[in-house]
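What follows is one structure encoded as structure tokens, with my remarks underneath.
Read-outs: derived from the displayed coordinates by stated rules, not from any lab. If you're wondering where the values come from, they're calculated on a predicted model, not measured in any experiment. Here the Cβ positions follow ideal geometry from the backbone for every residue, glycine too, while neighbour counts run over all protein chains shown.
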Ligand code: GLN
């Protein structure tokens, strides 16, 4: 976009619609998704998608336009838009994110949905542990959607716990307890059991990780994605600790890779022979979750 007119006077910043047009054609030209332009603009203007369409004719301020150009350039160099704005939306709420945590995915909203529907049928005031909480998206959402539940968020990464805690405070879920440690170790070490265990562990195989888009591979934490040679490393760890940490009559919900259902079912059944293990599908009809009823 031109910055100076013919008299050498600085041109006024563009209208929102013009800036969007400029950024989306740039993204398209270099093979990125056009809709990133809107994502960045929405965050720049701090507006919900509906009201944002009412502002398309307005001009950006000078600072806003500079910021938008900088953001567009960063995304053009491959940085995910959520790390640029520092925000990702999950279950209708705005979560802070940084490169220490995975950007929450839509599938994981369905995991939360499954916990809320299935567990609410059986429990009134459960304790819930979210293992490998990352940004805290699962733990904080569960605490807000189910105020009678007592939620703990566990992560081995201190940096992740810091941002999860920030999200809890920011979104009004300050009752969530944060525990540092590997998988279920913080509960096991305290001899604690919990009624519900939820986890979205790293489940991509190392080989798949190597072929993920550079947007993901070079920016999101490998620690949150790479589940080892067969992608099952963390399910084995979870399975080993379930007998000691999942309450009698407890429920566990794990997100899984679409081809991992049968193998994970077997792992869980070996550790908890008396439990019922089911595979649930995501909205695209792919195997995406296992549910364990003890
Ligand atoms: N669904 C994520 C992805 O495709 C993987 C999440 C995970 O490993 N837990 O990037």
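The modelled label-to-label distance between residue 158 and residue 105, using points 7 Å beyond Cα along the C-beta direction, is 3.0 nm. Only Cα pairs under 8 Å and 6+ residues apart enter the sum, and on that basis the relative contact order of the stretch 52-201 stands at 21 percent. Our estimate of slack between residue 248 and residue 79, defined as 0.36 nm per intervening residue step minus the Cα-Cα distance, is 56.4 nm.
Quick check on the chain: helices-only [θ] at 222 nm, where DSSP H runs of length 4 and up contribute -39,500 (n - 2.57) each and the sum goes over total residues. Nearest 500, please.
-12500 deg cm²/dmol
Against the main long axis of the alpha-carbon atoms of the chain, helix 62-76 sits at an angle near 60°.
For the stretch 5-84, rounded, prolate or oblate, judged on the Cα gyration tensor with a ≥ b ≥ c (square roots of eigenvalues), a/c < 1.5 rounded, else prolate if a/b > b/c? Since a/c reaches 1.5 but b/c is at least a/b, the shape of the stretch 5-84 is classed as oblate. With everything on Cα atoms, drop me the angle between helix 261-271 and the longest principal axis of the chain, reported from 0 to 90° to the nearest 10. Helix 261-271 sits roughly 40 degrees off the main axis of the chain.
Place a point 7 Å from the Cα of residue 53 along the Cα-to-Cβ direction; which residues of the stretch 79-95 have their backbone N under 20 Å from it? Under cut-off, by backbone N: 92. Against the chain, whose longest principal axis comes from its Cα atoms, helix 36-45 is set at around 80 degrees. Compute the relative contact order of the stretch 197-286 as a whole-number percentage, counting only Cα pairs closer than 8 Å that sit 6 or more residues apart in sequence. Averaging sequence separation for qualifying contacts and normalising by length gives 33 percent for the stretch 197-286.
In a fully extended conformation the segment linking residue 148 and residue 283 would gain 45.8 nm over its present Cα-Cα distance, using 0.36 nm per residue.
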